[in-house]
Amino acid sequence: MPSWRKSSFSSGQPSSDCVEVAASSGDLILLRESDDPAAVITTVPARWAAFVRGVKRGDFDQLPQ
């Protein structure tokens, strides 16, 4: 069973809905929304790392909320 993690920014928020991430035993990264835990998206570590770099650079800051 995966060990799901969520951002520390999600703690203490009125809504606990957030994106969670886990590593699988098959060298995949698993992603899900906490409000729909049955829907899991998988990706490879290189793509996950590229996404995280983009987040840190602010590449997604202008997306509608």
The residue that is modelled with the lowest pLDDT, considering only those in the range 8-35 that are among the hydroxyl-bearing types (Ser, Thr, Tyr) and loosely packed, with under 11 Cβ neighbours inside 10 Å, is SER15
Flagged in the range 48-59 as open to solvent by 90 Å² or more (accessible area, probe 1.4 Å), over 18 Å from ARG5 (Cβ atoms) and under 14 Å from the mean Cα position of the chain (by Cα), in numbering order, are ARG53
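The values are calculated or read from the model by the stated rules, or taken from the named source; none is laboratory data. As the structure is a computational prediction, the values presented were derived from the model and not from experiment. Note that we place each Cβ from the backbone using ideal geometry, even for glycine, and neighbour counts take in every protein chain shown. Areas reflect the complete protein model, heavy atoms only, side chains present, ligands, DNA and RNA absent. Shrake-Rupley method; radii C 1.70, N 1.55, O 1.52, S 1.80 Å.
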